[in-house]
Amino acid sequence: MIKVLNVLTDSNIGGAGRLLVNYLHNFDRTRFDVTVALPEGSALTPFVEAEGYPVIGMKYGRDKSWDRRSVGELRHIIRELKPDIVHTHSALSARVAARLERVPCRFYTRHCAFEPSRKLTTFPGKQMNGLLNRVLTTDIVAVADAAKKNLTDTGVPEKMITVIINGVEEMRRISPEEKNALKEKLGIGAGDFVCGISARLEDYKGHSYLLESAKTVLAAHPDTVFLIIGGGTQEAALKKQAEELGIGKKVIFTGFVDDVAPYCGIMDLNLNCSWGTETSSLALSEGMSLGVPAVATTYGGNPYMITEGVNGLLVPEKDAPAMAEAILKLIGDPVLLARLSRGAREEYEKKFTARAMTAQLETLYEASAKKRLRKTAEGK
C-alpha cells in the first residue's frame, strides 16, 4: 500500500480544499493510505474527518505558502509517518521539508492560473524558478491547460507536468418543496430568472463587472435576481456598489455557505466573471452536474470548461456589456437555454466527474511510486 501525506495550509475552504475532499471521497483505500496535514482549526478539518481520514493539525504555516518554522514541524511529521508520497497544495514549506527528508515522490498541484510577472518569464528568474521546481518536486499536477502554461512559461519542464482536470461529485438535487422554501426565504419570486455566481469575493473574480452587467439586465428584464454566493475581502465594497447602482434589492449576498447545492438548485444560469485567476472552475462543474448552463469569461481555463453554444456562452473578461448581452440572450430564448442545459449535463458526465479525476491521480501516484521507489532501492 502506498502511503500519502497531503499538505494544505489554507484555513478556509477554497477550491483546493474542495478538490482535496473530492479526491479523498473517491480514493481506493485498499491501495492508498492517506493522511492530511492542515492548519490547526482549519474549516476543512471536519470535512476531511467526515471522509474517514486522519488529520494532523499544523501549528505553523497557516494561510502561507512559505513559513520557515513550518519546515521543521513538517519534517517531524514526515519522519513520524514515513510517507512514500508527499502531495502539497500551494505549500512551498512542505516541498522543502519533503526534499530535506528525502521523500521519494514529491507532488505539487498547481490550482491557479494568472498572468506571471516578467521576472518569472525572463532570464534569470525563469531559469531559477525552473531549477527550484526540479529540485523540490518530482511530479506536478496542473488542474487545467492554463495552469500548465503558467508553469512552462516560468521555466518548469513540460515533462514534469500532468494535466488532470478538476472533477466534482454530482450535486444533490433538491426537491420542489425545498426549492420553493429557499426562494421564499431569499425573497425570490416563483417566476424570477435566477443568475448565480459561487466564488470568493475578491477583485480577480470579477464581481464588480457582474454588478455593472446586472444593472443593464434588470433594466430590460426586471424579473431577474442575482445570487452571489461566497465571502471575501470585497464583500462590503460590492454591497455598496450594488446599492449605488440602484440594484441592491435584486442582488442577494449569501455569504459563505457550507452546502451550496440548494442555491445551485434554484439557478437558471451559472456565471463566472474571472479575469485574474481561473483554471477549471469547480463551481462551473458543479452547476453542470445539475444541468445549469453558464455564461463565463474567456479567461484561463474557462474556454475548456465552457464550449460556446454547447453548454453555455463565452464573453471577454472585464466586459460588462458583453456579459449583460449574453445573459439577456438566454433569458429571451428558452429553447436555447434548454439546449444548453442538456449540453451542460452531458459535458459533466463526459469530462468532469470526481471519480474520473481521482482515477487519473491514482494512476500517476502508482507510476511515480513504482519508478522512484525502485530507484531508491537500487541506490541502497
* Does LEU136 fit the bill of being touching a Leu at 6+ places or on another chain (Cβ under 9 Å), among the aliphatic types (A, V, I, L, M) and in contact (Cβ under 8 Å) with a residue 60 or more places away in the chain? -> no
* Residues located in segment 311-332, provided they are in a loop (DSSP other than H, G, I, E, B) and touching a Lys or Arg at 6+ places or on another chain (Cβ under 9 Å) -> ASN311
* Structure fact -> Taking first residues from segment 336-362 that are under 13 Å from ILE306 (Cα atoms) and second residues anywhere that are among the acidic types (Asp, Glu) and not in a helix (DSSP H, G or I), the pairs with Cβ under 8 Å that are 6 or more apart or on different chains are TYR348/GLU170
* To do: Would you point out the residue of segment 298-314, among those that are hydroxyl-bearing (Ser, Thr, Tyr) and more than 16 Å from the chain's Cα centre (by Cα), that is farthest from PRO262 (Cα to Cα)?
  => THR298
* To do: Check THR254, THR279 and return the single one that is under 20 Å from GLY15 (Cβ atoms), surrounded by 21 or more Cβ atoms within 10 Å (Cβ to Cβ) and of a type outside the set (Phe, Trp, Tyr).
  => THR279
* Asked: For ILE56, are the conditions met, namely being over 20 Å from the mean Cα position of the chain (by Cα), buried (at least 20 other Cβ atoms within 10 Å of the Cβ) and either of a type in the set (Val, Ile, Thr) or in the same structural domain as LEU364 (by TED's automatic domain parsing) (or both)?
  -> no
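On the given criteria, is GLY300 closer than 20 Å to ILE161 by Cα and assigned to a loop (DSSP other than H, G, I, E, B)?
yes
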* Within segment 171-187, identify whether any single residue is buried (at least 16 other Cβ atoms within 10 Å of the Cβ), touching a residue at least 40 places away in the same chain (Cβ under 8 Å), in contact with a helix residue (DSSP H, G or I) (Cβ under 8 Å, 6 or more places away or on another chain) and acidic (Asp, Glu), and answer yes or no. => no
* Asked: (1) touching a residue at least 40 places away in the same chain (Cβ under 8 Å); (2) within 28 Å of PHE27 (Cβ to Cβ); (3) surrounded by 19 or more Cβ atoms within 10 Å (Cβ to Cβ): which one isn't true of CYS273, the others all being true?
  -> (2)
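The values are calculated or read from the model by the stated rules, or taken from the named source; none is laboratory data. Please read all numbers here as calculations on a predicted model, not as lab measurements. We place every Cβ from the backbone using ideal geometry, glycine too, and count neighbours over all the protein chains shown.
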